[in-house]
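First the structure, in the form of structure tokens, and then the observations on it.
The values are calculated or read from the model by the stated rules, or taken from the named source; none is laboratory data. Since we're looking at a predicted model, the values are computed, not measured. Virtual Cβ from ideal backbone geometry, glycine too; neighbours counted across all protein chains shown.
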Amino acid sequence: MLIPTAPPVRKWKPGPNIVSPLGALEGLSSVARFARGESVYQYGEVAEYWYRIIAGASRKCAFSHDGSRQIIDFLRPGDLFGYDARDTHSFAVEAIVAGTVVARYSRRCAEQLADSDPVVARRVRELAFESVCRVQSRMLILGRASALEKVGGFLLEMADRFATKSGSPVALPMSRYDIADYLAMAVETVSRALTLLRERGVIQFEGVRSVRICDRDPLERANESLYSESIAPPPSIRDPRVLAQPNSQQSPSG
């Protein structure tokens, strides 16, 4: 019988002397750096702190008894997490980029400060609402009929969250295995869908983990069709004739 080892004791250092993005709460923060795959916290740990990504990226995930993994969210710089309603964490969070920097805040102090400081309270509320919106977006993606639609919706979500500016390549810090566990699909299915989108001129690979969306229209039409069933559905990426049309603005290479 394997006995799980205790996580390493991490040395947190005083946080940066800044007044944003969480106002006075930043003065109470401490920071630490994590290697790729290293846990920020594990499932079942006492929820004594809130956390925020400063640099890098992380994944929030759950593990079943048989060892399978489901990724709930990808966290980018600025995202606040760890504020569980229970006294212990419901999920685990792991770094997916080497050198990911995380700030942590005492949960007790953060709640007390939010009660007395409207600036802190408003900012915490905004970040919490953003987290709820991401969960809702993921539910819509998982509800799609085809693997192609799910992967297309994922790319739109990542473009909105990780692209540095409109039209620029999307740096995907996660692996294809991460994408598969986020979409509840086999990694081979994810790879086939990405290849098909490339062949149809919708995306272009610009590196191992960099994708440019060359034609957003078919992806956005499929995305919009999920929000309204009262009108005739527009062409979706399930229709091969849509993606078979050559992109008039830019053709993918490779």
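Numbers at a glance
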{"quantity": "Region 17-30, subset closer than 20 Å to ARG108 by Cα and assigned to a loop (DSSP other than H, G, I, E, B), residue modelled with the highest pLDDT", "calculated": "SER29"}
{"quantity": "Matching residues in region 90-117 - criterion: being within 14 Å of ARG36 (Cα to Cα) and among the charged types (D, E, K, R)", "calculated": "GLU94"}
{"quantity": "Residue check, PRO234 modelled with pLDDT under 80 and in contact with a Lys or Arg (Cβ under 8 Å, 6 or more places away or on another chain)", "calculated": "yes"}
{"quantity": "Test for ASP84: is it closer than 25 Å to ARG36 by Cβ, surrounded by fewer than 12 Cβ atoms within 10 Å (Cβ to Cβ) and free of Cβ contacts under 8 Å to residues at least 40 places away in the same chain", "calculated": "no"}
{"quantity": "Candidate set from region 124-174 (those that are of a type in the set (Ser, Thr, Tyr) and under 12 Å from the mean Cα position of the chain (by Cα)); member that is modelled with the lowest pLDDT", "calculated": "SER137"}
{"quantity": "Checklist (1) out of contact with any Leu (no Cβ under 9 Å at 6 or more places or on another chain); (2) of a type in the set (Gly, Ala, Ser); (3) within 30 Å of GLY44 (Cβ to Cβ); (4) loosely packed, with under 15 Cβ neighbours inside 10 Å applied to ALA95, failing item", "calculated": "(4)"}
{"quantity": "Qualifying residue in region 158-171 (condition: without any contact (Cβ under 8 Å) to a residue 60 or more places away in the chain, among the acidic types (Asp, Glu), farther than 19 Å from TYR51 by Cα and not assigned by TED's automatic domain parsing to the domain that holds PRO21)", "calculated": "yes"}
{"quantity": "Test result for GLU149, part of a helix (DSSP H, G or I), of a type outside the set (Lys, Arg) and either buried (at least 17 other Cβ atoms within 10 Å of the Cβ) or not assigned by TED's automatic domain parsing to the domain that holds GLU94 (or both)", "calculated": "yes"}
{"quantity": "Residues satisfying the stated conditions in region 160-187, i.e. among the aliphatic types (A, V, I, L, M) and out of contact with any Ser or Thr (no Cβ under 9 Å at 6 or more places or on another chain)", "calculated": "ALA163, MET174, ILE179, ALA184, MET185, ALA186"}
{"quantity": "Odd one out for VAL119 among (1) farther than 17 Å from ASP79 by Cβ; (2) touching a residue at least 12 places away in the same chain (Cβ under 8 Å); (3) not assigned by TED's automatic domain parsing to the domain that holds ARG52", "calculated": "(3)"}
{"quantity": "Search result, residues across region 155-200 that are assigned to a helix (DSSP H, G or I) and of a type in the set (D, E, K, R)", "calculated": "GLU157, ASP160, ARG161, ARG176, ASP178, ASP181, GLU188, ARG192, ARG198, GLU199"}
{"quantity": "Close pairs from region 206-217: first assigned by TED's automatic domain parsing to the domain that holds LEU156 and in a strand (DSSP E or B), partner of a type in the set (Asp, Glu) and modelled with pLDDT under 90, Cβ under 6 Å, at least 6 apart", "calculated": "ARG212/GLU206"}
